[in-house]
Amino acid sequence: MPRHQAEHDSFAAGLPSMRERMAKARRGRRPRPGRAFTSTNFGAADDLERLGSAKYYFDWVLDEFRPYLRGRVVEVGAGRGTITRKLVDRYPDVSLVALEPAENLFPDLEAWAADVAQISARQQTLETWLGGAGIAAAKVDAAVYLNVLEHIADDAREIALVASALAPGGALLVFGPAHEWLYSDLDHKAGHYRRYDLARLRRLVQDAGMEVVSLRYFDPLGVLPYLVVYRLCRRATISASTLWGYDRLIVPLSRSVQRLVVHPPVGKNVIMVAVKPGP
């Protein structure tokens with residue numbers, strides 16, 4: 001048998017096992033059921049810092065939540081205070097409780113919040129905060145989860161806790177990553193248990209006794225860049241230059257598209273407003 005034929009046959013014979021090893025490697029990057037990420041240390045702190053420069057992106061998100069940000073608000077997973085600062089600037093009459101359990105993020109949040117009278121910063125999860133304050137004393141008019149719910153292993157229990165903490169008529173405001181088929185090394189590095197579809201979020205809030213006001217995919221033009229850069233090319237960090245270009249070029253275009261197609265079939269993110277029924 002010619003040498004090149006033997007090599008070809010050997011390669012072909014090894015293909016099934018090679019494909020299986022590759023499949024196992026891909027599955028290994030995905031959080032398995034029951035896998036735990038630590039809540040005391042955030043693994044993508046540098047990326048979080050860069051995200052803070054995405055002005056147009058976060059302005060777009062908060063514009064969607066504007067009618068519901070009033071009274072007493074709890075921000076779960078406040079990080080270093082990126083969104084906290086924007087909330088204070090936009091809504092000076094809001095009383096804000098900023099919760100962040102991660103030891104490597106909370107000191108920055110605490111140092112900044114110490115000089116702002118309307119903010120109470122706590123190194124806690126929602127569960128530990130409610131356990132200390134008591135649910136009756138902790139009633140809030142809105143709860144904000146901006147790129148946070150996907151970090152929580154038992155999201156159904158978390159939503160049930162939120163429902164107990166909201167005053168009647170209070171709003172749950174959720175923004176997070178969309179579509180499991182977009183799950184990337186970047187998601188894994190950041191400690192994401194999942195990416196969301198609309199059906200799952202709707203089911204979570206309805207099971208907790210809340211009503212969905214609006215629920216849709218968000219940022220339709222962001223899907224392709226994310227798919228190429230983070231899913232296919234497997235980049236696991238966010239570069240400042242990429243984020244700057246995305247925020248200045250893609251985000252305004254995507255926002256214009258979504259004015260025309262209010263409920264796109266896909267989007268890089270999901271955004272939801274749900275309310276707790278009144279008495």
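So what are the radius of gyration and Dmax for the Cα set of region 46-191, in Å?
14.6, 43
Over region 72-150, what portion of Cα pair distances is larger than 19 Å, expressed as a whole percent?
Numbers: 859 of 3081 pairs.
I get 28 percent for the Cα pairs in region 72-150 exceeding 19 Å.
Reported to two decimal places, what Rg/Rh ratio describes region 122-226 when computed on Cα atoms with Rh from the Kirkwood expression? Intermediate values should be presented prior to the final figure.
On the way: Rg = 14.6 Å, Rh = 14.8 Å.
Here the Rg-to-Rh quotient is 0.99.
What does the C-alpha gyration tensor say about the overall shape of region 169-219? Classify as rounded when a/c is under 1.5, otherwise prolate if a/b is larger than b/c, or oblate.
Working: a/c = 2.29, a/b = 2.14, b/c = 1.07.
Prolate is the answer for region 169-219, as a/c is 1.5 or above and a/b outweighs b/c.
Which lysines have a Cα lying under 21 Å from the Cα of residue 276, excluding residues fewer than 8 positions away in the same chain?
Within reach: 139.
Using θ = phi - 60° and the Karplus relation 6.51 cos²θ - 1.76 cosθ + 1.60, list the HN-Hα couplings for region 218-224 in order, rounded to whole Hz, with x at every Gly or Pro.
9, 6, x, 6, x, 5, 5
Taking only protein heavy atoms and a 1.4 Å probe, what accessible area per residue, in Å², does region 187-245 have with all protein chains in place?
Details: 2900 Å² over 59 residues.
I get 49 Å² per residue for this part.
List the lysines whose Cα sits under 20 Å from the Cα of residue 189, skipping any in the same chain fewer than 8 residues away.
24, 268
The values are calculated or read from the model by the stated rules, or taken from the named source; none is laboratory data. Treat the numbers as computed from the prediction; the structure is a model and nothing was measured. Areas reflect the complete protein model, heavy atoms only, side chains present, ligands, DNA and RNA absent. Shrake-Rupley method; radii C 1.70, N 1.55, O 1.52, S 1.80 Å.
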